[in-house]
Amino acid sequence: MTRLNGSSSNNRVFLIVGTLVALLLIGVTVWAVQRNQTTATQASTKTFDLSGQPFLGKADAPVTLVAFEDFKCPNCKNFEENIFPAIQSKYIDTGKAKMYKINFPFLGDRLPTNDSVLAAQAAECAYDQTGNAGYEGMSTIMFRAQGDETQVWATKDKLEDLSGSVDGLDTAKFKTCLDSDATKARVEADKQQATNAGVNATPSVFVNGVLVTNFSADEISKAIDAASK
């Protein structure tokens, strides 16, 4: 009996110790997984210099979207004309989110004239005159007039002609700005931001610094909803 009782007590001790060790291992594993997930999330969250960048929405909106675009990009045209309007009406116009636009002109890099850069400069020239409305107005006109991405179409002459359709722009001032490349350095800084963030395609949309891997209205909406919680 003594041996049996002693054996039973030992078994209980082993069981308790084993359970504690198992719980400890589980706790360590959960902590490690959560730490890795947190580290991965922090690593994938990008920060951008948004000072002086054109945007849509209210400045104090709680969720920040950042879109990198090239005016020669057909997917950007599709995004602006067929996807973004739903996002704008649901989140931007209601004050739930704001969207910054940052130039990522790369499609013209291998063309005789880099009209991706010229188009971005044109949008910035419009911004300098009338702020967010000017940038958005010039953007809309350029996407509407978009030509073949493999051909040079956004020449200075073409862009100066298009500027005449943007409300509130002084076309003479616009021409001076574009002809003098006054905004080129700013466009190059935008492109560097894209490069630093690892952007390799347009449009690329970030919600609170996290890239949305699919630029459909549904996926962007899900990302905004998640960021709002």
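Summing charges over neighbours of Q146, with a neighbour being any other residue whose Cβ is under 15 Å away from its Cβ, gives -4 when K and R count +1 and D and E count -1. In this structure L111 has an accessible area near 40 Å², from a 1.4 Å probe over the protein heavy atoms.
3J(HN,Hα) along region 136-146: 5, x, 5, 4, 4, 5, 5, 5, 5, 9, 3 Hz, from the Karplus curve 6.51 cos²θ - 1.76 cosθ + 1.60 with θ = phi - 60°, whole Hz, x for Gly and Pro. Rounded to the nearest 20, the Cβ-based charge dipole of region 32-157 about its Cα centre (Lys and Arg +1, Asp and Glu -1) stands at 520 debye. The P(r) of region 156-225 has a tail past 14 Å containing 70 percent of all C-alpha pairs. The lysines whose alpha-carbon is closer than 16 Å to the alpha-carbon of K77, local same-chain residues fewer than 8 away aside, are K101.
Accessible area per residue for region 119-229 in Å², computed with a 1.4 Å probe and the full protein assembly in place, what is it? The partial results should precede the final answer.
Details: 5300 Å² over 111 residues.
That works out to 48 Å² for each residue.
For the residue pairs K191/K229; K72/K173; K156/K191; K72/K184; K96/K158, the C-alpha atoms sit more than 26 angstrom apart in K191/K229; K96/K158. Taking Cα centroids, how far is region 173-192 from region 51-69 in Å? Each part's Cα centre sits 21 Å from the other's.
Work out, step by step, the length gained on full extension between D161 and N214: first 0.36 nm times the residue separation, then minus their alpha carbon distance; give nm to one decimal.
Values: separation 53, 0.36 × 53 = 19.08 nm, distance 3.47 nm.
Contour length minus Cα-Cα distance gives 15.6 nm.
The values are calculated or read from the model by the stated rules, or taken from the named source; none is laboratory data. This structure is a prediction, so every number in the text was calculated from the model and none was measured. Heads up, the Cβs are rebuilt from the backbone with ideal geometry, glycines too, and the neighbour counts pull from every protein chain shown. Keep in mind that these areas ignore ligands, DNA and RNA; they rest on the heavy atoms of the full protein, side chains included. Shrake-Rupley method; radii C 1.70, N 1.55, O 1.52, S 1.80 Å.
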